[in-house]
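So the structure is just underneath, and the comments pick up after that.
The values are calculated or read from the model by the stated rules, or taken from the named source; none is laboratory data. What you see is a predicted model, and the numbers here were worked out from it, not measured in a lab. All Cβ positions, glycine included, derive from the backbone under ideal geometry; neighbour counts span all protein chains shown.
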Ligand SMILES: Cc1cc2nc3c(=O)[nH]c(=O)nc-3n(C[C@H](O)[C@H](O)[C@H](O)COP(=O)(O)OP(=O)(O)OC[C@H]3O[C@@H](n4cnc5c(N)ncnc54)[C@H](O)[C@@H]3O)c2cc1C
């Protein structure tokens, strides 16, 4: 079998890259062994503002301009509802925070995303006497639904091998690579935290950050916006809400923990005063990087081996952006921005 690309990993990074390949009529096959859950469990929020500091997310406009059309296109092609537009309300803890919000909403880059009006809290189940600031252009991608539908699409077209990619079996030639009976011009590794097993790219400074989320049932909560107040509370409908997430750098097991459950329950109780029941808990390992920029680029020696990783805490928005950058780098020789190029770690 001859293809243009082998893609290893079909999380948000892999899907975003495959979408570049489909848009440009490149042939490809994908390997995925479902060993990582980061995309499967993700809350799926997209939000152009860092809500701790009221600053814009890096390249937020460029990212949204690519991401939202990609998800809209997939929604149509996969015949699956994926993009739930929903406002994000940031709870204010003080008058000072309200003032900081006003100042930020006046700034040119942020004025498109921060509503200058303070939203009053009228929900008796929430304690928020200083009200909320509304973030605009936000929403939630149902990443699990996207992954399931995308994998079905790949399987139906014989493009997905649901098996581990064995690095030892890769044969690298000057202009191509060989893996079993597959010959490809290029290989793109998009394995998330799995890259730590990849002998070609495990030198990269990926910092795995485990995250856990709860799903709660709270019939009296009745909110129809995403609430951000320390944790995120994301309404799913039917009185169900996703709550999260935790950050843990030592325990990198795939399992859910009681510690995370208790931490999140405590945070919910601080935020809402109604009854709730935990109905689900999930865990995943985020592929984060110390300098908070993705890991994109070519292997320093083998020029047909590439990496697409380090999507961190915002894979929904940044995935499509970096996938396009990598595609243009490989196919159009467009240089990568220094900030995302893995070459920044070579010197
Ligand atoms: C709890 C939690 C909440 C989050 N919430 C959000 C959110 O609200 N919004 C947001 O934008 N981001 C969120 N994120 C971050 C987001 O999930 C990540 O940025 C994103 O999932 C990273 O995608 P990825 O494709 O790089 O990695 P992954 O999703 O880990 O995908 C890698 C894939 O590669 C496969 N793989 C690895 N090694 C091999 C191998 N050798 N052979 C075959 N297959 C292999 C794995 O099975 C996996 O399917 C959250 C993450 C967590 C953990």
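One table, with the values for the structure above:
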quantity: Residues located in region 143-180, provided they are free of Cβ contacts under 8 Å to residues at least 60 places away in the same chain and either surrounded by 18 or more Cβ atoms within 10 Å (Cβ to Cβ) or in a strand (DSSP E or B) (or both); calculated: 170, 171, 178
quantity: Residues of region 186-201 satisfying the condition of being in contact with a helix residue (DSSP H, G or I) (Cβ under 9 Å, 6 or more places away or on another chain) and either assigned to a strand (DSSP E or B) or modelled with pLDDT under 95 (or both); calculated: 186, 188, 189
quantity: Unmet criterion (only one of (1) over 30 Å from residue 188 (Cα atoms); (2) surrounded by fewer than 20 Cβ atoms within 10 Å (Cβ to Cβ)) for residue 78; calculated: (1)
quantity: Residues within region 1-19 that are out of contact with any strand residue (DSSP E or B) (no Cβ under 7 Å at 6 or more places or on another chain) and surrounded by fewer than 24 Cβ atoms within 10 Å (Cβ to Cβ), tallied; calculated: 1
quantity: Test: residue in region 271-281 that is in contact with a helix residue (DSSP H, G or I) (Cβ under 9 Å, 6 or more places away or on another chain), at pLDDT 95 or above and within 13 Å of the ligand (Cβ to nearest atom); calculated: yes
quantity: In region 78-102, the residues that are in contact (Cβ under 8 Å) with a residue 40 or more places away in the chain, farther than 19 Å from residue 13 by Cα and assigned to a helix (DSSP H, G or I); calculated: 100, 101
quantity: Residue count for region 185-225, restricted to those that are out of contact with any strand residue (DSSP E or B) (no Cβ under 9 Å at 6 or more places or on another chain) and surrounded by 23 or more Cβ atoms within 10 Å (Cβ to Cβ); calculated: 0
quantity: Top-ranked residue in region 48-57 [being part of a loop (DSSP other than H, G, I, E, B) and in contact with a helix residue (DSSP H, G or I) (Cβ under 8 Å, 6 or more places away or on another chain); ranked as surrounded by the fewest Cβ atoms within 10 Å (Cβ to Cβ)]; calculated: 57
quantity: Residues that are within 20 Å of residue 53 (Cβ to Cβ) and surrounded by fewer than 15 Cβ atoms within 10 Å (Cβ to Cβ), drawn from region 231-257; calculated: 247
